[in-house]
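Here, each number is a calculation from the coordinates, and none is a lab measurement. On a predicted model such as this, the values are computed, not experimentally measured, just so you know. Neighbour counts run over all protein chains shown; Cβ positions are idealised from the backbone, glycine included.
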Amino acid sequence: MTAVQVGDEPGGGFFVTIEGIEGAGKSTLARFIGGRLQSDGFQVIVTAEPGGDPVSEQIRRLLLNSADSITVRAELLLFEAARAQHVERIIKPALVEGKVVICDRFTDSSLAYQGWARGIDPRDVQMLNDYATAGLKPHLTLLLDLPPEVGLARTREVDRFSREGIEFHHVVREGYLAIAKQEPGRFVVIDAQRPFNEVAALALEVINSRLRAKDTS
Ligand code: TYD
């Protein structure tokens, strides 16, 4: 069954996700792009996973700060539960209203972290991603790529994931690059070691050209 893509219908919105390891600059880029598109006249929402909705935020706190150990399968299911809530309550309604939705992390985070790095079969992750999103896929995914040594040195946040060893983050990075290769039409890989203004200019150029292509299709 081909899922009907929210946002593909005339007047529908545009869904961009930003992915990458810790310290890649995803949230700064999401806010910057959001501001620029808004001043260009688009209606935009900038959101992030895990989170974006009150229930998803509670799950986020549990996932990132729980003092008790969370099993690998439970962790995946919690990310997916937060995502299901976020998609239905925030992302889909915005797309139906024709907005541009910019989301810092989405389904590819689960594939890279829970699939590649934690070792869950990617087919299971994909199946749960599809279930949680009811088949909703980003129109465009920007992968901010950089070595984990550089990313982790940039981040000040300390949570269950940033505390993982460097090898974990290497596998996450490898995973992202492999996922991007499988879907070259959806992914654009950007070298996040470049100065922020160059990364931002490139990201805006890609988004604007996709938005123009969407308008004329
Ligand atoms: P966050 O503080 O949002 O990290 P960052 O600023 O790096 O985006 O914490 C989210 C953490 O959760 C991050 O380490 C990646 C992890 N994560 C997963 O493991 N799977 C997922 O599906 C998502 C959305 C996040």
What residues have an amide H closer than 5 Å to that of Phe187, excluding those fewer than 5 places away on the same chain, when H is modeled at 1.01 Å from N in the peptide plane? Thr141
Under a point-charge model restricted to the Cβ atoms of Lys and Arg (+1) and Asp and Glu (-1), what is the dipole moment magnitude of region 146-217 relative to its Cα centre, in debye to the nearest 20? 220
Given an 8 Å cut-off on Cα distances and at least 6 residues of separation, report the relative contact order of region 1-139 as a percent. 39
Centre separation in Å (Cα based) which lies between region 59-99 and region 167-217: 23
As a footprinting exposure proxy, order Leu177, Leu211, Leu128 by other Cβ within 10 Å, with the fewest listed first. Leu177, Leu211, Leu128
Straight-line reach only, C-alpha to C-alpha below 19 angstrom: list the lysines that Lys26 could link to, leaving out same-chain residues fewer than 8 apart. Lys137
Dipole axis of the chain (+1 Lys, Arg; -1 Asp, Glu on Cβ), positive-most option in Leu211, Ala178, Pro148: Leu211
Projected label distance in nm at Arg61 and Val158, using a 7 Å step from Cα toward the beta-carbon: 2.0
So for Ile166, Ile33, fewest C-beta neighbours within 10 Å to most, what's the order? Ile166, Ile33
Cβ-based exposure ranking for Val189, Val16, Val158, in which fewest neighbours within 10 Å come first: Val158, Val189, Val16
In whole Å, largest first, what are the principal axis extents of the Cα atoms in the chain? 48, 39, 31
Of Thr17, Thr133, Thr28, which has the largest mean-square fluctuation in a 10 Å C-alpha GNM of the chain? Thr28
Surface/4 of the Cα convex hull for region 10-128, nm²: 7.9
List every DSSP H helix in the chain whose Cα atoms extend 15 Å or more along the helix's own long axis and whose mean Kyte-Doolittle hydropathy is at least -0.5. 26-39, 54-65, 72-86, 166-182, 196-216
Answer with one residue from Ile33, Ala81, Gly51: the one whose Cα lies farthest towards the positive end of the charge dipole of region 16-81, charges on Cβ with Lys, Arg +1 and Asp, Glu -1. Ile33
